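Heads up, the thing below is written out as structure tokens.
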Amino acid sequence: MTIADVLAVLDALDAADVRAWIEGGWGIDALVGHQTRDHDDVDLAVDSAGQGFEHAITALTAVGYSATLDDLPVRLVMESSEGRSVDLHPLRFATDGSAVQSGHSREYEYPAAGFTVGRIGDRAVPCLTAALQIDFHSHYEPRSVDRHDLAQLAARVDETRS
């Protein structure tokens, strides 16, 4: 996925009034402020309130995506015929701004302070905080791309402390 692809997905969701935050590799690149590697997909945490998740599916279908992997309640993967991929993660928000993503055997908690704004290309985009990204990456054995992402994030955190 290119920067333009990610921004087009966000535009489609914005037009449908769907709230979504970038997570995963693109989310870390948003925090770092520039693209650090090639990405196969974009991971999005989606507010499922008021049919938000269904609206996200409809919006992405309208721009050429179709569901290819249904692993709900955890995620739904949608792909375009050109090979672009969007991994949607439905969230249920509480009144305090925190959210929960249901899993098959556990729930994943998103604290209210876990949502922020980063940058992709020349645009400010909603994404998850560094602390939340690091926490999520600690729940599985990291792949080489995960190690790369976390190193980029660590370098950025070190820069801001200097």
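Please treat every number below as a calculation from the coordinates, not as lab data. If you're wondering where the values come from, they're calculated on a predicted model, not measured in any experiment. Ideal geometry is used to build each Cβ from the backbone, glycine not excepted, and the neighbour counts take in all protein chains shown.
A few remarks follow.
- In the chain, the alpha-carbon atoms span a convex hull of 114 Å³ per residue.
- Structure-based [θ]222 nm, the chain - -39500 (n - 2.57) summed over DSSP H runs of at least 4, per residue, nearest 500: -11500 deg cm²/dmol
- Short-range pairs are left out: with C-alpha atoms under 8 Å and at least six residues apart, the relative contact order of the stretch 5-88 is 28 percent.
- Ranked packing of 42-49, 10-17, 29-36, most packed first, by mean Cβ within 10 Å: 42-49, 29-36, 10-17
- GLU23, GLU82 arranged by Cβ crowding within 10 Å, fewest neighbours leading: GLU82, GLU23
- Note: relative contact order over the stretch 56-116, using C-alpha pairs below 8 Å and six or more positions apart, is 20 percent.
- Gaussian network model of the chain, springs between alpha carbon atoms under 10 Å - residue of GLN152, GLN51, GLN101 with greatest fluctuation: GLN51
- The magnitude of the dipole of the chain, with charges of +1 and -1 set on the Cβ of Lys/Arg and Asp/Glu and taken from the Cα centre, is near 300 debye.
- When Rg and the Kirkwood Rh are both derived from Cα coordinates, the Rg/Rh ratio for the stretch 50-89 amounts to 0.95.
- Under the convention that each Lys and Arg Cβ holds +1 and each Asp and Glu Cβ holds -1, the size of the dipole of the stretch 84-162 around its Cα centre is about 200 debye.
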